[in-house]
Protein chains: 2
Amino acid sequence: MKTEADSLRARFRDYLSCKGLSFTPQRKLILEYLIRNSSHFNAEELIAIFRKKRIPVSRATVYRTIAHLVDAGFLSQVALESSQSYYEFIANSAHHEHLVCDKCGCIIEFTDPELENRIESVARLNGFEISRHTVHISGICGRCRGQQET
Amino acid sequence: MKTEADSLRARFRDYLSCKGLSFTPQRKLILEYLIRNSSHFNAEELIAIFRKKRIPVSRATVYRTIAHLVDAGFLSQVALESSQSYYEFIANSAHHEHLVCDKCGCIIEFTDPELENRIESVARLNGFEISRHTVHISGICGRCRGQQET
DNA sequence: TTGTGTGCAAAACATTTGCACACAT
DNA sequence: ATGTGTGCAAATGTTTTGCACACAA
């Protein structure tokens, strides 16, 4: 039986071969890591993890592969108020928005059809043709609120 | 009669004196520029404008003053998918969201109470205490759509 | 004098690029 | 041979910082 990971590998291979690029060991290592840890990350975090685990992929290759993965639609860039670019591995998952905790930094994903509808209406009212959209809510998550001394 | 600009100057002076800081000529020049041109900008844009107009404020002072203005609540950082930080002069204006055109880069502001309500509901449902939130919609604006050859 | 502010240049940080070598077709 | 990939180190672009001098309390 074909697992989801298999289909991701196949999709990436297809994307690469369409572009005349090859599925190199380094690209595979990066994809495998993301499949196993699909979530939010930035380039330097990934590089640090690879260094610690002795996974032999250079900084330049990480940046270059991230660009390919974004282009292929496997990663989407998440704009946070940070100096670094954050990415998230979207794979096959549906569109969702983010709640980001100011205290612990955790990122909670949510989907809300009503919210999505409202966004589409607003764009339409303004004559806009949407290509993408993001909703970020910052605050204190339930867990951190529970721990507050005050 | 007290204009809005006067009250902004006063508020900034108050903020500074509360922190034991002074309302220097450079800080005044930056604030005056923003009052007159309240909108979206990044630090390097501002520095370039000041250089062209021969307004004598150094790069370091621009960055340092922006940090103070953010801290004082006069500016808010707008997270775009860019290598530079964007800011917007919020002054007394109500909360609003952004439509950003991929083609011409224009930023349209909008407010939508229903959207805001929905965001609050979603946060509540997830046990989150909101401190701030942003909605960014990217796409093609009405004007650019009109001009498309295709 | 002590605290704070400024400008400059250097440093720091994230990211991109040029180049030489490696590998597969 | 040609095209593509990698790693390294250098370059780039943005933002921050150290330091010496200026100014006001």
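The values are calculated or read from the model by the stated rules, or taken from the named source; none is laboratory data. Note that the structure is predicted; figures quoted are calculated from it, not measured. Cβ placement follows ideal geometry from the backbone for every residue including glycine, while neighbour counts extend to all protein chains displayed.
Summary table
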{"quantity": "Segment A:22-74, subset among the aromatic types (Phe, Trp, Tyr) and within 12 Å of the chain's Cα centre (by Cα), residue nearest to residue A:84 (Cα to Cα)", "calculated": "A:41"}
{"quantity": "Every pair of residues 6+ apart whose Cβ atoms lie under 8 Å, when the first sits in segment B:112-123 and is closer than 10 Å to residue A:119 by Cβ while the second is outside any helix (DSSP H, G or I)", "calculated": "B:112/B:97; B:115/B:97; B:115/B:135; B:118/A:112"}
{"quantity": "Selection count where residues are outside any helix (DSSP H, G or I) and either within 12 Å of DNA strand C (Cβ to nearest atom) or loosely packed, with under 13 Cβ neighbours inside 10 Å (or both), scope segment B:39-54", "calculated": "3"}
{"quantity": "Some residue of segment B:108-115 being of a type outside the set (D, E, K, R), at pLDDT 90 or above and within 16 Å of DNA strand C (Cβ to nearest atom)", "calculated": "no"}
{"quantity": "Every residue from segment A:55-73 that is within 12 Å of DNA strand C (Cβ to nearest atom) and of a type in the set (Gly, Ala, Ser)", "calculated": "A:58, A:60, A:67"}
{"quantity": "Number of the exception - residue A:106 against (1) surrounded by 15 or more Cβ atoms within 10 Å (Cβ to Cβ); (2) assigned by TED's automatic domain parsing to the domain that holds residue A:143", "calculated": "(1)"}
{"quantity": "Selection count, segment B:71-92, where residues are of a type outside the set (Asp, Glu) and assigned to a strand (DSSP E or B)", "calculated": "7"}
{"quantity": "Flag for residue A:57 being part of a loop (DSSP other than H, G, I, E, B) and outside the structural domain of residue A:131 (by TED's automatic domain parsing)", "calculated": "yes"}
{"quantity": "Top-ranked residue in segment A:41-68 [being more than 14 Å from chain B (Cβ to nearest Cβ) and in contact (Cβ under 8 Å) with a residue 40 or more places away in the chain; ranked as nearest to DNA strand D (Cβ to nearest atom)]", "calculated": "A:68"}
{"quantity": "Test for residue A:63: is it surrounded by 20 or more Cβ atoms within 10 Å (Cβ to Cβ) and either touching a Lys or Arg at 6+ places or on another chain (Cβ under 7 Å) or assigned by TED's automatic domain parsing to the domain that holds residue A:46 (or both)", "calculated": "no"}
{"quantity": "Candidate set from segment B:124-150 (those that are assigned to a helix (DSSP H, G or I) and free of Cβ contacts under 8 Å to residues at least 12 places away in the same chain); member that is nearest to the other protein chains (Cβ to nearest Cβ)", "calculated": "B:142"}
{"quantity": "Residue ID - nearest to DNA strand C (Cβ to nearest atom), chosen from residues in segment A:1-17 that are at pLDDT 90 or above and out of contact with any Leu (no Cβ under 6 Å at 6 or more places or on another chain)", "calculated": "A:17"}
{"quantity": "Restricting segment A:1-38 to residues that are in a helix (DSSP H, G or I) and polar (S, T, N, Q), the residue that is nearest to residue A:71 (Cα to Cα)", "calculated": "A:17"}
{"quantity": "In segment A:1-29, the residues that are surrounded by 12 or more Cβ atoms within 10 Å (Cβ to Cβ) and near DNA strand D (Cβ under 8 Å from one of its atoms)", "calculated": "A:16, A:21, A:24, A:26, A:27"}
{"quantity": "Residue among B:68, B:95 that is within 26 Å of residue B:110 (Cβ to Cβ) and outside any strand (DSSP E or B)", "calculated": "B:95"}
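Okay, residues lined up against (1) closer than 30 Å to residue A:137 by Cα; (2) in contact with a Phe, Trp or Tyr (Cβ under 9 Å, 6 or more places away or on another chain):
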| residue | (1), (2) |
| --- | --- |
| B:6 | no, no |
| B:26 | no, no |
| B:32 | no, no |
| B:52 | no, no |
| B:67 | yes, no |
| B:74 | yes, yes |
| B:81 | yes, no |
| B:84 | yes, no |
